[in-house]
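In what follows, a structure is listed as C-alpha cells, so that the remarks can point back to it.
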Ligand code: CA
C-alpha cells in the first residue's frame, strides 16, 4: 500500500509528538578489553569488530568509561543498582556471594513503568534475577559449549555455542514480545571470559597470525610496590593447561571434539616438540592466549550484527537505544598480565558505545569520566522514569544529547576488595582524575600509597608518591579522596569478611 506524501508527513508528525519511550537493548560482554574493539583503534590492531563498530559509527564512543570495582559480579550489581559495592552489598565474587534481589534496580523500575523486561545470558550474581518478565541465564560462570541454562527458574539444556545460543534466545524473545509495550533487553554474553573457548568455526579464523606484543609484556614491576610484585595473574606463571588449550575442555560432543582436536592437536604437538623456555615460553603462551581470546569475540561481534540487523529489519532501530559495554576492562599482556581487578587503565576502563538515533550525534567521541555506575540513571531518564535519590551515578543523557553539564565529575572513586584468591591482588582504593591516580593498598598487613601521572607515565610504571615535585598535587588528591569517600559513604574500616573467602594459591602451571 502506498501512502500519499502529505499523509506520511502527517503520520510522522503524530508519531513524534507522542514520543514513545525508547526501547533499550543493553549488550554486555564479560571481560572485553577495549583494546580488542576496532572502534577504539588499538595500536596492535588486534581484532576487527565491524558490527560493534556500527554502534560507534552511528552513535557515541566513550573513551574514559571507568568502573568502581573491576570484577565481574560487583560490576553487574553496580549496573543494576547504580550504587557502589559497599552499598549494594556485592563487593566480591566469593563463593557464598549472593546479590540481594529485593533492592531497587533499574529493570524493576522500568518494568513498573510499563516496560517489558528480559535478561538473557550471563547473570553471575548468585541469586535468581528479579525485575524481569523473562529470564534465561547461565548458572554461575556458565559453559561455552552446550551450556545448561535456567529459564524463569526451570533448567534448560542447549546444544551449540554459548554466544550463539544467547543471541538466538534474545532474538526469539524480541520476536515473541508484546509489541504494544516498550522493552528492555539485557543480552549478556559469557565471552570473552576465561577460559576463552572459541566457537569451533572460528578456530582457524586468524590463520597462524603472530600478534604484536605490548611494550610491557615483560614488566618487572620496578617503581611500584608489593601489590604489583606479589600478584598471581601473569601469563608467565598463572595460566593453566585449560587456559592454554593444552587439554580439551569438558562438555564437547565427539563431533565437536574432533573439530577442536583438528585445530589444537598439531599445534600442541609442535609446541611440546619445540619445548620453549623462559621468555620464549611466555611468548608462546601470549600468542595462544590472544588467539583464543580474540576468537571468542568474533562470535560476540556476529551476535551484535544479528541484533542490529533485527532491529533495522523490524523498523525498531529508530526508537531503540543500543548500548555495548563490558563489565570491566582486561589485560591482554600489558604488565605481563591477563585478568582485571586493578585501578590501572586496562582494567579500570571498560568499553562503552551508545547508539541513540535522533539524539546522539553519529561518530562522536567523549573523554569525560563516565561510569557503569551511571547506566541505571541513564536508562531511567531516557525512559522518563524518576531516578531514586539513593543511586550514586549520574545520567549520561545530557552527554548523549551533546550537552555536557558544566559541573560534570572530574574525579572518580575506586575500591577493590577480593583477596587473596583467586589472583592475590591486594585490596586498594583511590581517586582517578583525567591525569592522576592516587591509590592506597590496605588491609593485608602492608599499607602504602602510590601516585601515578598518566601524562608523563601513560603505562603506569612508576609511582611518584612522596616526590617533591608532586607535593601539591598529592595534597589536592588526598583532599579529593577524603571528600569522595565521605560523599559516597565509603566504609571507614572494611571488615575482613569482605575479602574473598577462598584460600590463596597459584593455579596449576602449564608445562
Ligand atoms: Ca568480567
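Just so you know, all these numbers are worked out from the coordinates, no wet-lab data involved. What you see is a predicted model, and the numbers here were worked out from it, not measured in a lab. Here the Cβ positions follow ideal geometry from the backbone for every residue, glycine too, while neighbour counts run over all protein chains shown.
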- residue 154-residue 204 FRET efficiency (beta carbon distance; Förster radius 51 Å; 0.05 resolution): 0.85
- Item | For region 259-334, alpha-carbon Rg relative to the globular expectation (2.2 N^0.38 Å, N residues) | 1.67
- Counting each DSSP H run of 4 or more residues in the chain as -39500 (n - 2.57), what helix-only mean residue ellipticity at 222 nm follows after dividing by all residues, to the nearest 500 deg cm²/dmol? -9500 deg cm²/dmol
- Which shape class, rounded, prolate or oblate, goes with region 380-452 when its Cα gyration tensor gives a ≥ b ≥ c as root eigenvalues, a/c under 1.5 marks rounded, and past that a/b bigger than b/c marks prolate? prolate
- Query: What is the distance in Å between the Cα centres of region 224-238 and region 57-97?
  - Reply: 24
- Message: Suppose a student asked you for the relative contact order of the chain, using Cα pairs under 8 Å spaced at least 6 residues apart; what percent would you report?
- Response: 24
- With the 8 Å Cα cutoff and a minimum separation of six or more residues, region 202-284 has a relative contact order in percent of 24
- Query: Over region 202-284, what lengths in whole Å, largest first, do the semi-axes of the equivalent ellipsoid take, defined as the square roots of 5 times the eigenvalues of the alpha-carbon gyration tensor?
  - Reply: 30, 15, 12
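Once you order the gyration tensor axes a ≥ b ≥ c over the Cα atoms, which shape class does the chain get: rounded for a/c under 1.5, otherwise prolate or oblate by comparing a/b with b/c? Working shown, then result.
Details: a/c = 1.63, a/b = 1.17, b/c = 1.40.
The shape class here is oblate.
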- Provide 346, 478, 318 in ascending order of the number of other Cβ atoms located within 10 Å of each residue's Cβ, fewest first. 318, 478, 346
- Query: Of the beta bridges DSSP finds with both residues in the chain, what % are antiparallel, to the nearest 5?
  - Reply: 55
- residue 488 versus residue 176, label points 7 Å from Cα toward the beta carbon: distance in nm? 4.1
- Neighbouring Cβ atoms within 10 Å as the yardstick, rank 156, 354, 169 fewest first. 156, 169, 354
- Put in order of increasing Cβ neighbours within 10 Å, starting from the fewest, 181, 245 give 181, 245
- Task: Along Cα→Cβ, 7 Å out, is where each label goes; now give me the distance between the ones at residue 468 and residue 112 in nm to one decimal.
- Result: 5.9
- Note on the structure: The simple spin-label model distance between residue 251 and residue 390, using points 7 Å out along Cα→Cβ, in nm, is 3.4
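Gain in length, residue 100 to residue 313, computed as 0.36 nm per residue apart minus the alpha-carbon separation, to one decimal in nm?
72.9 nm
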